[in-house]
Every structure is written in C-alpha cells, then in structure tokens.
1. Starting from the Cα of HIS82, step 7 Å along the direction of its Cβ; do the same at GLU263; then give the gap between the two resulting points in nm.
2. Per-residue ellipticity at 222 nm for the chain, helices alone: DSSP H runs ≥ 4 residues times -39500 (n - 2.57), over residue total, nearest 500 deg cm²/dmol?
3. Between THR157 and ASP183, with labels modelled 7 Å along Cα→Cβ, what's the label distance in nm to one decimal, could you check?
4. As a footprinting exposure proxy, order SER132, SER5, SER23, SER196 by other Cβ within 10 Å, with the fewest listed first.
5. Report the Cα centroid-to-centroid distance between the range 232-263 and the range 96-136 in angstrom, as an integer.
6. Taking the Cα-to-Cβ direction at LEU10 and at LYS326 and moving 7 Å from each Cα, how far apart do the two end points lie in nm?
7. Taking the chain as a Gaussian network, where each spring joins two C-alpha atoms under 10 Å apart, which residue of LEU223, LEU134, LEU298 fluctuates the most?
8. Could you sort 231-237, 242-248, 82-88 so that the peptide with the highest average Cβ count within 10 Å comes first and the rest follow in order?
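Every number here is computed from the coordinates shown, using simple stated rules; none is lab data. All figures in this text were calculated on a predicted structure; none of them were measured in a lab. Note that each Cβ is placed from the backbone with ideal geometry, even for glycine, and that neighbours are counted across all protein chains shown.
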Amino acid sequence: MGQRSFQDMLEEQKKGMPPVVKSDLTGKIVMITGANSGIGFEAAKHFAIMNPARLIVVCRTVEKAQDSIKKIEAETGYKNAHPMALELSSFHSISEFVTQADKTLDRLDILVENAAISTAYEYIVTEDGWESELQVNSLGPALHALLLLPIISKTATQYSVVPRIVVVSSETIFFPNTEIGSDAIAATNTLETLSSKDYCTPEVMRIRYVQSKILNIMLVHKLAALLPKSIVPVSLNPGFCLSGLRRKHDGEEAERFKKMEDEFAYTSEEGSRQIIYAAIGGKDEELRGAFTSYSRVLEVSDWMLSEEGKRAEDKTWTEMLDIFSKVDERMPQIITEYLKA
Ligand SMILES: NC(=O)c1ccc[n+]([C@@H]2O[C@H](COP(=O)([O-])OP(=O)(O)OC[C@H]3O[C@@H](n4cnc5c(N)ncnc54)[C@H](OP(=O)(O)O)[C@@H]3O)[C@@H](O)[C@H]2O)c1
C-alpha cells in the first residue's frame with residue numbers, strides 16, 4: 001500500500017502504540033540528536049534503561065545536553081550519558097561535532113537523527129543561506145550521518161555488529177500535494193531552487209516540513225543502496241505526538257493542532273517507541289532502507305515510488321554530496337570509500 005488517506009492514519013493512530021521493544025545494549029554506543037525534548041528525550045531514556053556503554057545526548061548546546069542528562073539519570077539511574085553540542089542549522093557546527101566525535105568515540109552502534117523543527121510556515125534563512133527547515137531537518141542530519149560513516153563503518157568491521165542509522169521522518173509524507181514540485185525537480189539545481197525566497201511562497205512553506213521529511217526517507221534509501229549490508233539505515237514515523245514541535249504555531253492553526261492533540265495525540269513516550277523499534281527491533285534485512293511505522297515496515301508514498309519521485313531522490317542526493325564536499329574536506333573521501341555499493 002503506497003498511499004494512505006487521513007482516515008487511514010487516524011484509525012491507526014487511535015489503535016494505540018505497540019509496546020516498546022527491549023534489548024541489552026551493554027558495550028554499545030548510542031547517539032541521539034534532539035535529546036532534550038519530546039520524542040528524542042523519551043527515546044534517550046529508553047536507551048538508557050538498556051544500559052549502553054555510552055549514550056551520547058546531543059542537543060543544541062552542552063548546557064541543554066547536561067540538563068537532559070540530569071533528568072535521564074534521575075529517572076533511570078543510568079550514569080554513562082555524555083553531552084555533545086550540535087547546531088544543525090550550521091554546517092560548521094556539524095563539522096566541528098564530527099571532529100570532536102572522531103577524537104572521543106571508538107565505536108557508534110546506533111545513530112538516531114531525531115532533531116527537527118517546524119517554523120510554522122515561516123521562511124527563515126540559516127547562517128549558511130539555506131531555508132531553515134530544509135537545512136535543519138534534511139541537509140544537516142544528512143551531513144551529520146555521512147560524516148559519521150567512518151566511525152559507523154569501523155564499528156561494523158571491528159566489532160562484527162550491524163550498526164543502525166535511524167532517521168526520524170513522519171507519515172505526513174502521505175498527505176496529498178506535498179511532493180517536491182516538478183518545477184523544482186526540473187530546475188538546474190533542485191535544492192537551491194527549493195531553498196530560494198522566490199520559490200518559497202506561503203503555499204510552499206505550508207508543505208515544506210513534509211518535504212523535509214520526504215528528503216529524510218530519500219536519504220535512507222540512498223544510504224541503503226550504497227552502504228554495505230553490515231550497516232542498516234532506516235527511517236520511521238513516530239505518529240502524531242504531543243511535543244515541542246508545533247510550539248511556533250499560533251492563532252487558528254494552534255487551535256486546530258490543540259484540538260487534534262486533545263483528540264488523538266500520542267505522548268512523546270509513545271512516539272519514542274518507534275525510534276526504539278527502528279534502532280533495535282525487527283530484522284536487519286527487513287529494516288534495511290525501510291520506512292517503519294507502528295513497529296512494521298510500511299511502503300512509502302506512491303509519489304516517492306513514481307519515476308518523478310525517484311528522479312527527485314537521485315537529483316537531491318547528487319546535489320547534497322556536491323554541497324557537502326564543498327563544506328567539509330572529509331566528504332570526497334567518504335564518498336569514495338564508503339558510498340560505493
Ligand atoms: N511530534 C510529532 O507529532 C511528530 C510527528 C512526526 C514526526 N515527528 C518528528 O519527531 C522528531 C522529534 O520531534 P519532536 O516532536 O520531539 O519535537 P521537539 O520536542 O520540538 O524536539 C525537537 C528537538 O530537535 C532539536 N532541534 C531543533 N532545532 C535544532 C537545530 N537547529 N539543531 C539541533 N537540534 C535542533 C530541539 O532542540 P531545542 O529544544 O533546543 O529546540 C529538540 O531537542 C522530529 O524529527 C519530528 O519531525 C514528530
């Protein structure tokens with residue numbers, strides 16, 4: 001089933017979230033971004049309970065990460081959480097983060113790209129000149145995951161384990177008329193077009209968050225196609241949850257979301273169970289490159305499977321690698337050494 005109506009989603013949402021899967025993570029290193037709030041914070045606590053050798057709590061500032069760690073420790077008793085700072089709206093911050101990670105981590109078993117924003121349809125430009133939802137939700141996590149490939153790959157070979165790269169997407173990707181526009185796909189540079197002020201009309205900004213979540217799934221498809229079988233990239237839908245995500249919305253839109261939240265939202269803890277499923281549940285061969293939802297694999301949208309969707313996936317991937325090669329000198333070698341299928 002490649003298409004889902006709002007009614008399908010609502011019915012599933014009302015069924016209840018499957019229970020959290022559990023595992024023993026002794027000896028393993030887990031990293032999660034956006035670990036101070038909402039779904040990411042709850043997932044961090046689930047990981048902590050499974051006792052990894054280290055849990056890297058990644059937040060926008062070290063102070064936020066330290067505050068989060070205090071709460072994780074108080075609620076779980078876990079003592080091996082480490083703070084790291086990452087600002088996804090800055091390629092420089094991502095590069096610095098990975099330089100630091102290279103020095104301090106000798107393995108990385110589970111990487112969760114969870115952090116994201118909703119600007120409430122506002123067009124905001126980052127310090128790197130990109131439309132902010134595009135950079136924070138899509139380009140930033142992609143660069144972060146790609147720069148961490150050497151550690152992830154080393155973990156697979158040196159410790160004979162199958163690391164997972166988990167990217168938090170959304171089932172909003174099934175909403176009609178949210179695709180990446182044909183005009184942007186046909187443009188010489190799709191990502192630059194998507195980011196430009198002229199292109200980002202209010203109508204486009206209304207679907208930008210969804211487009212950024214489509215790009216998350218496309219990233220996972222490409223990683224699965226190009227990485228060895230010993231690494232499992234997977235994307236997921238946490239369901240519609242109460243969290244800080246919609247905090248920028250106001251007026252009628254905020255009221256609409258509030259009504260939906262009152263009627264059928266999951267708690268962040270319930271949503272976080274889907275991160276845990278993607279990180280440790282299911283079978284590696286089934287989850288590799290898959291989009292998961294309610295603890296099972298779900299086919300992506302018809303548009304993503306269409307010729308145009310595949311063209312968008314290929315084009316944005318090639319463009320991303322080009323952009324990243326310009327912002328971080330490690331990228332060309334990562335492309336040659338790790339992304340060769
Ligand atoms: N809630 C839902 O209904 C829902 C549904 C589908 C998918 N999702 C996805 O679930 C994931 C978690 O979102 P959430 O609902 O838990 O929202 P949330 O409570 O707002 O958490 C988002 C996290 O991302 C961090 N973040 C935001 N901008 C960042 C940046 N520029 N650099 C680094 N970190 C940044 C936030 O840090 P600060 O606290 O410092 O801002 C926060 O820790 C997201 O990928 C979201 O798209 C959520």
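1. About 4.6 nm, to one decimal.
2. Working: 15 runs with 170 residues, N = 341.
So the calculated ellipticity at 222 nm is -15000 deg cm²/dmol.
3. 4.7
4. Numbers: SER132 22, SER5 11, SER23 14, SER196 17.
Sorted ascending by nearby Cβ count, the order is SER5, SER23, SER196, SER132.
5. Centre-to-centre (Cα) distance: 20 Å.
6. 4.5
7. LEU298
8. Details: 231-237: 27.0, 242-248: 17.3, 82-88: 20.0.
Highest-to-lowest ranking by the protection proxy: 231-237, 82-88, 242-248.
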